[in-house]
Amino acid sequence: MGMTMTQKILAAHAGLDKVVAGQLIEAKLDLVLGNDVTTPVAVKEFNKIGLNDVFDKNKVAIVPDHFTPNKDIKAAEQCKMIREFAYEKEIENYFEVGQMGIEHGLIPEKGLVVPGDVVIGADSHTCTYGALGAFSTGIGSTDMAAGMATGKCWFKVPSALKFVLKGKPSKWVSGKDIILHIIGMIGVDGALYKSMEFVGEGVKNLSMDDRFSMANMAIEAGGKNGIFIVDDKTIEYVKEHSIKEYTIYTADENAVYDKVYEIDLSTIRPTVAFPHLPDNTRTIDEVGEVKIDQVVIGSCTNGRIEDLRVAAKILKDKQVAKGIRVIVFPVTQKVYLQALQEGLIETFIKAGVVVSTPTCGPCLGGHMGILADGERAVATTNRNFVGRMGHPGSEVYLASPAVAAASALTGKITNPEDIA
Amino acid sequence: MKKKGRVFKYGNNVDTDVIIPARYLNTSDPQELAKHCMEDIDKDFVNKVKPGDVIVGENNFGCGSSREHAPIAIKAAGVSCVIAKTFARIFYRNSINTGLPILECEEAVNGIENGDEIEVDFKTGEIFNITKNKTYQAQAFPEFMEGIIANEGLVNHIKKNL
């Protein structure tokens, strides 16, 4: 019985020739990550252990991104605490406001993850880096503390679902639509405890930004990780961003999967997840009339340059509908600058869109775009739980940047095909 | 180790945003977090919950964010145990690591109603429904996990065993 891609990476990091699903192993970590919400708890736990130093100053990354720039005094205190910790422990990869970005945009951009790595992060969307062919998963603050102390983490080896992608997505269909389609198909616990492995000739038709956005939402199907095969596009991305050595793992021919899904990308329609779960999906053709109050384009799911380009393409020389608040969040400072140089920021501002500094802000109802009771938002973010973006009586509709931008022009959920 | 309490029962996919909304994550103080536990799904929870009470959910309890504040808030609210058919994996890890006992038991979830009084034995995995005079069997914790829970979390457990 062969191993899946994930199992091979875990076996190599546990120093074992072979692992099987369900086996408990201890794996060496290539990176331990935390943010301003989860790191304070991890620091408290780390200090209780009583060690002076983290296991490797180059293999810990701390990114204050959730409530930054500090939204209130309490948030400022939390950031101060982790900043002091980072300085004291000489953490190489601490990224202050001004250098930072939303962690899951920033970490790959800084070249801190490469194919074959094992990464844990005290943020559930750490699964994003599976786009690079790494094993990457979200854990809690205590695991982060133990990881910073020992450089190791225990895992139960996951079984896997295999998604064989073929064909090419149509013009306005992005990675976001594909992953929403998949979550709608298998449910929010459809991949519980499992890996989601994305393979097949269709992968070559997906950009790295598409892949990041798909791996990012593996957790919304309950997945332990989402992972893509490594191809020329991956290698090109890695060479451009990193000097780290990488290892390409591929699943064995006879690897066992719990289930195999074949997905023809050419048949996927723009897809929207209705409140209050990411699996409550409808194609754009089934949406009906849904009036909105706010549009959010950005986040660790969809704040990358391609996302901003597609939004700008739709908004160029047009005006957002009267009364609709539209907020764009570039995922990192680098993406922000690139968008500025490409003229996208000008397009947004002229269209009546506000452009924010990178922050998780509204995605989790933190700050910078909170909804009132009864208000509705179309968002390119990743969760639409009750109260996610503000008042428990508000609603979030998850969609691609194209659908979000088209909706900004009409004030209701709109098919980009009808606009452009 | 046995705990007794009244049941607060909820449905499928109780997510970490309703367990502790992100708007309160500007602190990690357990007592502060406990004040807002379950607020967006059950406004009265914090006023009604008493030490020892038990939360029962259906499938995929604790889905969503990796915030450890979720099990911390539940524990600080006085809840002695969470029982569900299945748990989201990060929540499962976080609960054990912070010393919040959680049990997977489909039979118990099907049999228990909101407001029932139950007693949970973590040593044997036995769940006794006092109200209905029925017993359900969950898998008992292996010894090392029982140790983590008895020591109120992974870090204390590591320290104690150094």
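Reachable lysines from B:Lys160, Cα under 16 Å, same-chain residues fewer than 8 places away excluded?
Partners within reach: A:Lys48.
Around A:Glu342, under 12 Å between beta carbons, what's the net of Lys plus Arg minus Asp minus Glu among the other residues?
Overall, the nearby charge balance is +1.
Work out the length of the dipole vector of the protein assembly as shown about its Cα centre, built from +1 on the beta-carbon of each Lys and Arg and -1 on the beta-carbon of each Asp and Glu, and round it to the nearest 20 debye.
Approximately 400 debye in magnitude.
Take each of the peptides B:140-150, A:170-180, B:31-41, average the number of other beta-carbon atoms within 10 Å over its residues, and list them starting from the highest.
Top of the packing list down: A:170-180, B:31-41, B:140-150.
Please give the peptides A:19-32, A:91-104 ranked by average Cβ packing (other Cβ atoms within 10 Å per residue), highest first, as a rough proxy for protection.
Per-residue Cβ counts within 10 Å, averaged per peptide and sorted highest first, yield A:91-104, A:19-32.
Which is farthest toward the positive dipole end of chain B among B:Pro21, B:Ile158, B:Gly57, measuring Cα position about the Cα centre, with Cβ charges +1 (Lys, Arg) and -1 (Asp, Glu)?
The Cα lying farthest towards the positive end belongs to B:Ile158.
How much FRET efficiency would the formula 1/(1 + (r/R0)^6) give for B:Asn161 and B:Thr131, where r is the Cβ-Cβ distance and R0 is 45 Å, rounded to 0.05?
0.70
For A:Thr283 and A:Val97, what is the calculated FRET efficiency with R₀ set at 30 Å and r taken between the beta-carbons, to the nearest 0.05?
0.15
Would you list, by chain and number, the aspartates and glutamates whose Cα falls below 14 Å from the Cα of A:Lys171, excluding same-chain residues fewer than 8 positions away?
The reachable aspartates and glutamates, counting only those whose Cα sits under 14 Å from A:Lys171, are A:Asp210, A:Glu306, A:Asp307, A:Glu417, A:Asp418.
For a quick check: sort A:Thr126, A:Thr267 by the number of other beta carbons within 10 angstrom, fewest at the front.
Neighbour counts put them in this order, fewest first: A:Thr267, A:Thr126.
Mind jotting down the three principal axis lengths of segment A:61-218 based on Cα atoms? Whole angstrom, largest first.
Principal extents (Cα only, largest first): 50, 36, 27 Å.
Among the lysines, select those whose C-alpha is under 24 Å from the C-alpha of A:Lys350, and discard any that sit fewer than 8 residues away in the same chain.
Hits, sequence-local ones excluded: A:Lys291, A:Lys313, A:Lys316, A:Lys318, A:Lys322, A:Lys334, A:Lys412.
How big is the Kirkwood radius of the protein assembly as shown, worked out from every pair of different alpha carbons and given in Å to one decimal?
Evaluated over the protein assembly as shown, this radius sits at 23.8 Å.
Return the average number of partner chain Cβ atoms within 10 angstrom of each residue Cβ along peptide B:98-104.
Mean number of neighbouring Cβ atoms from other chains: 1.
Just counting partner chain Cβ atoms within 10 Å, what average do the residues of peptide A:388-395 show around their Cβ?
3
Quantify how strongly other chains surround peptide B:77-90 by giving the mean number of their Cβ atoms within 10 Å of each of its Cβ atoms.
Average neighbour count from other chains, rounded to a whole number: 3.
What does the charge dipole of chain B about its Cα centre add up to, to the nearest 20 debye, if the Cβ of each Lys and Arg holds +1 and the Cβ of each Asp and Glu holds -1?
Result for chain B is approximately 320 debye, rounded to the nearest 20.
Using helices alone, I'd like the mean residue ellipticity at 222 nm for chain A: each DSSP H run of four-plus residues gives -39500 (n - 2.57), total over residue count, nearest 500.
Using -39500 (n - 2.57) per qualifying helix, the result is -9000 deg cm²/dmol.
Connecting C-alpha atoms closer than 10 Å in a GNM of chain A, tell me which of A:Val326, A:Val113, A:Val355 has the biggest fluctuation.
Top of the fluctuation ranking is A:Val355.
I'd like the Karplus ³J(HN,Hα) series for segment A:31-37: coefficients 6.51, -1.76, 1.60, θ = phi - 60°, whole numbers in Hz, and an x wherever there's a Gly or Pro.
With coefficients 6.51, -1.76 and 1.60, one gets 7, 10, 10, x, 10, 6, 8 Hz.
In nm, to one decimal, how far is the B:Asp29 label point from the A:Lys156 one, both placed 7 Å along Cα→Cβ?
3.6
Output the antiparallel fraction of DSSP beta bridges having both residues in chain A, as a percent to the nearest 5.
20
Distance cut-off 19 Å, Cα to Cα: go down the list A:Lys8/A:Lys239; B:Lys50/B:Lys75; A:Lys57/A:Lys194; A:Lys28/A:Lys224; A:Lys18/A:Lys166; B:Lys2/B:Lys48 and report the pairs above it.
A:Lys8/A:Lys239; A:Lys57/A:Lys194; A:Lys18/A:Lys166; B:Lys2/B:Lys48
Take A:Asp252 and A:Lys322, extend 7 Å from each Cα along the Cα→Cβ direction, and tell me the distance between the two endpoints in nm.
Label at A:Asp252, label at A:Lys322, 6.7 nm between them.
Choose one of B:Leu103, B:Pro71, B:Phe122: the residue whose Cα lies farthest towards the positive end of the charge dipole of segment B:69-141 (beta-carbon charges +1 Lys, Arg; -1 Asp, Glu; about the Cα centre).
So the residue we want is B:Pro71.
Placing +1 at every Lys and Arg Cβ and -1 at every Asp and Glu Cβ, with all other atoms neutral, what dipole size does segment A:242-321 have around its Cα centre, in debye to the nearest 20?
560
Could you tell me which of A:Ala76, A:Ile139, A:Gly390 has its Cα farthest along the dipole of the protein assembly as shown towards the positive end, charges placed at Cβ (Lys, Arg +1; Asp, Glu -1), taken about the Cα centre?
A:Ala76
Which ordering of B:Asp116, A:Asp189, B:Asp44 is given by a fewest-first count of other beta-carbon atoms within 10 Å?
Final ranking by Cβ density, sparse to dense: B:Asp44, B:Asp116, A:Asp189.
All of the numbers you see were taken from the coordinates with simple rules; none came from a lab. Note that the coordinates shown come from a computational prediction; the quantities given were computed from them, not determined experimentally. When we count neighbours, we look across all protein chains shown, and the Cβ atoms used for this are built from the backbone with ideal geometry, even at glycine.
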